[in-house]
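To start, the structure itself, in structure tokens.
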Amino acid sequence: MKLSEIKGDRSIEVIADILEQVAIIAADPEAMKFFTEKPKVDKNGNMLEPMEKWVAKRIGEKLPYLLKTHKKALYTIFATLEGVPVDKYIESVTIAKIIKSLVDLFTDESIAPLFTSAQPKEEEK
């Protein structure tokens, strides 16, 4: 489930429950590269490589690090968005479910601002 699909009173509860996990990921500069890196462009603003190739390369280079170093945070975020306890989510998780949760997370326009706003400013590091 996407954050943007959560409605009503549950919205504030979900944000409260995932903010700590988002902050943990946001404090890791290497993990944040997955969220913040932009494609290289020429002087006219045209991408230097096709979008599909850039996305595939970014996933291959950045996502394994994020998954390996922030597994607990990701499980907590996924379970919270699904509305189930973390242990129940982990018991029932499959590769397909993780992939769907990742796609939902990284394509949800409502969640990206949480990560970038939680990232420490240069003077806070």
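Just a few scattered comments:
- Hey, L19 closer than 13 Å to F115 by Cβ, in a helix (DSSP H, G or I) and open to solvent by 70 Å² or more (accessible area, probe 1.4 Å) or not: yes
- Pairs with Cβ under 8 Å, 6+ apart, first in segment 55-72 and polar (S, T, N, Q), second part of a helix (DSSP H, G or I) and open to solvent by less than 80 Å² (accessible area, probe 1.4 Å): T69/E30; T69/A31
- Applying the set (1) at pLDDT 85 or above; (2) basic (K, R); (3) open to solvent by less than 80 Å² (accessible area, probe 1.4 Å) to R58 leaves exactly one unmet item: (1).
- Residue match in segment 34-54 (condition: exposed (fewer than 14 other Cβ atoms within 10 Å of the Cβ), farther than 16 Å from L102 by Cβ, touching a Lys or Arg at 6+ places or on another chain (Cβ under 9 Å) and touching a residue at least 12 places away in the same chain (Cβ under 8 Å)): yes
- Given (1) modelled with pLDDT under 95; (2) in contact with an Asp or Glu (Cβ under 8 Å, 6 or more places away or on another chain), index of the condition T69 fails: (1)
- Subset of segment 76-91 (residues that are among the hydrophobic types (A, V, I, L, M, F, W, C) and over 10 Å from M1 (Cβ atoms)): I77, A79, V84, V86, I90
- Looking across segment 23-47 at every residue that is β-branched (V, I, T) and over 18 Å from K68 (Cβ atoms), the one that is modelled with the lowest pLDDT is identified as T36.
The values are calculated or read from the model by the stated rules, or taken from the named source; none is laboratory data. Because the structure is a prediction, the values reported are computed rather than measured. Reconstructed Cβ throughout: ideal geometry from the backbone, glycine too, with neighbour counts over all protein chains shown. The protein model used for the area step is the full one, side chains on, heavy atoms only, and it has no ligands, DNA or RNA in it. Shrake-Rupley method; radii C 1.70, N 1.55, O 1.52, S 1.80 Å.
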